[in-house]
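The structure appears right after this line, and notes come after that.
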Amino acid sequence: MNVFGYWGGFYNDPWFWQFPMATLAISMAAFLIVATPWTIVAWLDPVSLRKYKIQQKPFEVKKFLLPSLGRIFINNIILAALLVLIWPLLKLTAVHNNELPDWYVVVAQLVFFVLLDDFLYYWMHRYMHENKWLLRNVHSVHHRVRNTCGINGNYMHWLEYVLTATLTLVGSVLVGAHIYVVWLWVIIRQIEGADGHIGYDIPWNPVHLLPVYQGPVYHDFHHARFKGNYAGFLPYLDKYMGKTYIPAYLNYLKAKNKGLTAAEIDLQNREELNPSRAGRQSSRQ
Ligand SMILES: [Zn+2]
Ligand SMILES: [Zn+2]
């Protein structure tokens, strides 16, 4: 067997570059395009935006910037290597670059991908909290940051990164999606992954235009409280199926509807949890 010929075959196959490799590159670019500006904002921590900070305590940007970049770099190399290894199987799937489907088929596929990915991610994420070994050795890396900024969205153990990426691709493989739809989907998924960690609840955040997405507060509560709010896009799994909904999140939404800013709600919550300490802090400000 010509081993070099076998491996060299990857480089001569345009579909190998278009499907796994371009998808990986587009996915990472989408993440960085959303995560980078928000990370800079968190680094600068401008006074004008502090009222929108979900947690009023300082961001941990400097402490976790290099570890985040390092993990992202290594995780992508590991994922690329695994994609090379499973390519003989991946190229047997029905994902294609033939004719594009009608727009309504694309919309239906994207809705299906969101529903399926959120369902699978909810259970995987929840299991990572319930299984003590996985929590201690894998998922705890992502939870080192309690007050996150954009770049921390992909700060995770390589195994979690690979598993999350695998779940993301399940829908596309099942329906045999067009490669452009796969790219659109991974862009949406990475926007969610980055935005969920930006640490700000800003009314003019363009991501609020994504119809089913909850916004960054949902996942921020997961980092702050550690238990509950395991889903990514949709709250129904936490709320109805798993009973893992964080009640304080509902209170947050109610207070926001009354016109309170993130900062005012955070102060209110801290006063409820620890009245004397929060009172002293607010009088010092
Ligand atoms: Zn978690
Ligand atoms: Zn997170």
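Taken together, the values in this text are just the output of simple stated rules run on the coordinates, not laboratory data. Fair warning: this is a prediction, and the values are worked out from it, not measured in the lab. A quick note on method: Cβ atoms are made from the backbone with ideal geometry, for glycine too, and the neighbour counts reach across all protein chains shown.
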*Name the most mobile residue of 103, 123, 38, meaning the one with the largest mean-square fluctuation, in a Gaussian network model of the chain with Cα contacts below 10 Å.*
103
_Ellipsoid semi-axes in whole angstrom, largest first, where each is sqrt(5λ) of the Cα gyration tensor of the chain_ = 37, 20, 18
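At 20 Å minimum axial length over the Cα atoms and a Kyte-Doolittle cut of 0.0, report the qualifying DSSP H helices in the chain, or say none.
Numbers: long enough: 22-44 (33 Å, 1.85); 61-90 (41 Å, 1.66); 103-130 (40 Å, 0.65); 158-175 (27 Å, 1.59); 179-195 (24 Å, 1.04).
Helices meeting the span and hydropathy rule in the chain are 22-44, 61-90, 103-130, 158-175, 179-195.
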*Would you give the gap between the C-alpha center of region 103-176 and the C-alpha center of region 27-47, rounded to a whole Å?*
20 Å
*Considering amide H positions built from the backbone, and no H for Pro or chain starts, which residues 5 or more places from residue 200, or on another chain, come under 5 Å of its amide H?*
54
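Return the subset of 227/256; 62/256; 62/227; 63/132; 63/258; 63/239 for which the Cα-Cα distance in this structure is over 32 Å, preserving the input order. Working shown, then result.
Details: 227/256 22 Å; 62/256 30 Å; 62/227 25 Å; 63/132 26 Å; 63/258 35 Å; 63/239 34 Å.
In this structure, 63/258; 63/239 lie more than 32 Å apart at Cα.
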*asked:* Quick check on region 1-116: what are the equivalent-ellipsoid semi-axes from the Cα gyration tensor, as sqrt(5λ), descending, whole Å?
replied: 37, 23, 11
*In what sequence, highest mean first, do 161-170, 72-81 appear when ranked by Cβ atoms within 10 angstrom?*
161-170, 72-81
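With only Lys, Arg, Asp and Glu charged, each at its Cβ (+1 for the first two, -1 for the last two), find how big the charge dipole of the chain is about the Cα centre; round to the nearest 20 debye.
Magnitude of the dipole: close to 1320 debye.
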*Inter-site label distance for residue 15 and residue 240 at 7 Å from Cα along Cβ, in nm*: 4.0 nm
*Once every DSSP H run of n ≥ 4 in the chain is given -39500 (n - 2.57) and the sum is divided by its residues, what mean residue ellipticity at 222 nm do you get, rounded to the nearest 500 deg cm²/dmol?*
-20000 deg cm²/dmol
